[in-house]
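S.K.: Take this structure first; my questions come after.
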Amino acid sequence: MKLIWLATIGIFLAPAALHPELLVIKKENGRFAPLTEADLPDSQKIMDIILKYEWPMCIASDLTPEEQDALLTPNKPFAEEHFIRRKIQDSVGKQYEVVFVPTTIYELFCLLQWAKSLNRPLASPFDKVVAPLLTVRKPIISLSQALANTNPTTARKEVFDVYKKANGLFFNDKENNVAFYINCALGTSLFTEYPELAKSSNALISGIIKNKAPTLAAQWKSHILDELEKQGSNLSPYFWVATNILLKGRQSIINKIIHLDYEARELNKGLLLRATSFEKLQVGFGQQPKEALLAGSTVRKQYGFEKAYKEKLLDPYSVSLGNSLFAGILRDKTANIYSYLTYRPGYALFVDKKAYIEHQNNNLFFIAPVAPIVGLFLRGEYFHSRVKTAMSLTDRNTSSGYYIKHLPEKFIDPTGVLLITRDPLRQAELFSKFLAENGRIIQTGDSTDLTEQEKDFEKQIMQSQQEAAHFYKATRTMKSAIDRAAEKFRQRKAQESLMQE
């Protein structure tokens, strides 16, 4: 199987963690309605609850064991929606309801608001916050100082404080609460487009949005491009990048991610995304070792694998993962998943949210607790989620700092936020196994047109990832056995020398 074939059929994998958005609406006089300025007195309480409990922002919250069980336990359909609805009704008002909206739809609506803002004065909370933010060229997220803490509790708090500060720009301003403004505008747009929402039940509203989501996505993408066209030559070259990405990006990609978002909701799991190239990597021993096409690995070495491992020449590799499809599209095109999926494959992972809170899925991931609306307007790779880089303690804590490719600066990380003291092959084994068990392959186009070979591709890739996991483990344990035998030989020779003396 050749990479040319992959590019031809346009395959990408989807194994990581998108997160849903929750639209807050209200019920009055027996009918549902969008929130309006009349709900401003309750707005901050509502947004505080969203910010505390919605995934992935809840990663930075101190949740009780009971809250973790109710909110994060996998295979509890709609758990987040039910939990946050109950919190808002108990703490703010019984009239409020919560409806699930795919993150991809929410992001497109936010991008539409941005495109419209280019043709109007600073008239809304959205404009007042976003306009000055987009003029700042340096990243507003830098974790290097927080990562340098030697106390794990302090490091964790300071890292989370960095993300809370970024999220707070959109959620915490009482006069210009962008998240609340978008909630009202999105609700108004949906209820205007589909008047039947007003007289539906909560469950029916969710069903209508699900059925209409692909249509909405196509409409809003078209409207964004229309608004940008109005700007013409007045549009900053900096933002022509976003225009080109939206023009080139396939609608089928958006529809596939929307489908994944709903699947993750049913499973109550997070979803992360990555665009990548499938590579043939070693998965067996011998003079002509077996190679297999893999979706991803955390070690980079194509030839002489065992020797490179023994001599500590394997390159640890941190796999970066997108929190959502459009994050970074305006200010960080090299970090935007949608732009890459226009010309290369990728993958997505379903992530057990409770296991992440408890132990980062066996110390495998760092998931950035950044809200989707915030991710749209950030730049700098720290807003990405990523697989932790595994290395020796000495390598990890060099006084000059360690540099992970694509991160904007060197850093030290003694408490293991992004770097972890672990055998690199153990990390590669864990990641390959996780990908095989929690990944999805998505093929663009109509699935009914796929050949049998194409339909079998997902199974082949997942089998190869399992083979790679076994190979990494075998290489690691084989080295240990050889080292133990060599040590016993040295000890025996030393004892024989002493006896001769």
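S.K.: If you compute semi-axes √(5λ) of the Cα gyration tensor in Å for the structure shown, which of [x] 44, 26, 22; [y] 90, 29, 20; [z] 48, 27, 21 do you land on?
M.R.: Checked against the structure: label [x].
S.K.: Under a plain spin-label model, where a point goes 7 Å from the Cα along Cα-to-Cβ, how far apart in nm are TYR403 and SER142?
M.R.: 1.7
S.K.: Moving to a separate point now. What is the spin-label model distance, in nm, from ARG31 to ARG250 if the labels are put 7 Å beyond Cα along the C-beta direction?
M.R.: Label at ARG31, label at ARG250, 4.2 nm between them.
S.K.: Determine, from the Cβ-Cβ distance of LYS280 and LEU118 and an R0 of 60 Å, the FRET efficiency 1/(1 + (r/R0)^6), rounded to the nearest 0.05.
M.R.: Working from the Cβ atoms, E equals 0.85.
S.K.: With the crude spin-label approximation of a point 7 Å out along Cα→Cβ, what separation in nm comes out for LYS290 versus THR64?
M.R.: Distance between label points: 5.2 nm.
S.K.: May I pose another question? Run the numbers for GLN95 and ALA355: contour at 0.36 nm per residue of separation, minus the present Cα-Cα distance, in nm.
M.R.: On the way: separation 260, 0.36 × 260 = 93.60 nm, distance 3.36 nm.
That pair, GLN95 and ALA355, stretches by 90.2 nm at full extension.
S.K.: Probe radius 1.4 Å, ligands and nucleic acids ignored: give me the carbon and sulfur share of the accessible area of the chain as a rounded percent.
M.R.: Ligands and nucleic acids excluded, carbon and sulfur give 52 percent.
S.K.: With respect to the cross-link table entries LYS52/LYS354; LYS164/LYS473; LYS116/LYS210, which display a Cα-Cα separation exceeding 27 Å? Working shown, then result.
M.R.: Details: LYS52/LYS354 15 Å; LYS164/LYS473 39 Å; LYS116/LYS210 25 Å.
Beyond 27 Å: LYS164/LYS473.
S.K.: Kindly report the accessible area of the chain per residue (heavy atoms of protein chains, probe 1.4 Å, no ligands, DNA or RNA), in Å².
M.R.: On the way: 22040 Å² over 501 residues.
In whole numbers, the chain has 44 Å² accessible per residue.
S.K.: Between LYS199 and LYS307, what length comes free when the chain is fully extended (0.36 nm per residue of separation minus the Cα-Cα distance, one decimal in nm)? Write out the running numbers ahead of the final one.
M.R.: Details: separation 108, 0.36 × 108 = 38.88 nm, distance 6.82 nm.
Result for the pair: 32.1 nm of gain on full extension.
S.K.: Amide H neighbours of TYR402 under 5 Å, at least 5 residues apart or on other chains, H built in the peptide plane: list them.
M.R.: It is PHE411, ILE412, by chain and number.
S.K.: Return, ordered by residue number, the residues of the stretch 239-255 whose backbone nitrogen is under 19 Å from a label point located 7 Å along Cα→Cβ of GLN231.
M.R.: Backbone N within reach: 239-249.
S.K.: For a protection proxy built on the mean count of beta-carbon atoms within 10 angstrom, sort 79-85, 50-56 highest first, please.
M.R.: Ranking the peptides 79-85, 50-56 by packing returns 50-56, 79-85.
S.K.: Starting from the Cα-Cα distance between THR243 and HIS470, subtract it from 0.36 nm times their residue separation and give me the gain in nm to one decimal.
M.R.: Residue separation times 0.36 nm, minus the Cα-Cα distance, leaves 77.3 nm.
S.K.: Return the calculated 222 nm mean residue ellipticity for the chain, to the nearest 500 deg cm²/dmol, obtained by summing -39500 (n - 2.57) across DSSP H runs with n ≥ 4 and dividing by the residue count.
M.R.: -16500 deg cm²/dmol
S.K.: With r as the distance between the Cβ atoms of ALA38 and GLN463 and R0 = 56 Å, compute the FRET efficiency 1/(1 + (r/R0)^6) and round to 0.05. Provide the component values of the computation, followed by the final result.
M.R.: Working: r = 57 Å, r/R0 = 1.02.
It comes to 0.45.
S.K.: A further question on this structure: What residues from the stretch 35-71 fall in the zone where the backbone N is under 18 Å from a label point 7 Å along the Cα-to-C-beta line of THR153?
M.R.: The answer is 60-65.
The values are calculated or read from the model by the stated rules, or taken from the named source; none is laboratory data. Bear in mind the structure is a predicted one, so any value in this text is a computation, not a measurement. Cβ: placed from backbone, ideal geometry, glycine included. Neighbour counts: every protein chain shown. Please note that ligands, DNA and RNA were not included when accessible areas were found on the heavy atoms of the full protein model with its side chains. Shrake-Rupley method; radii C 1.70, N 1.55, O 1.52, S 1.80 Å.
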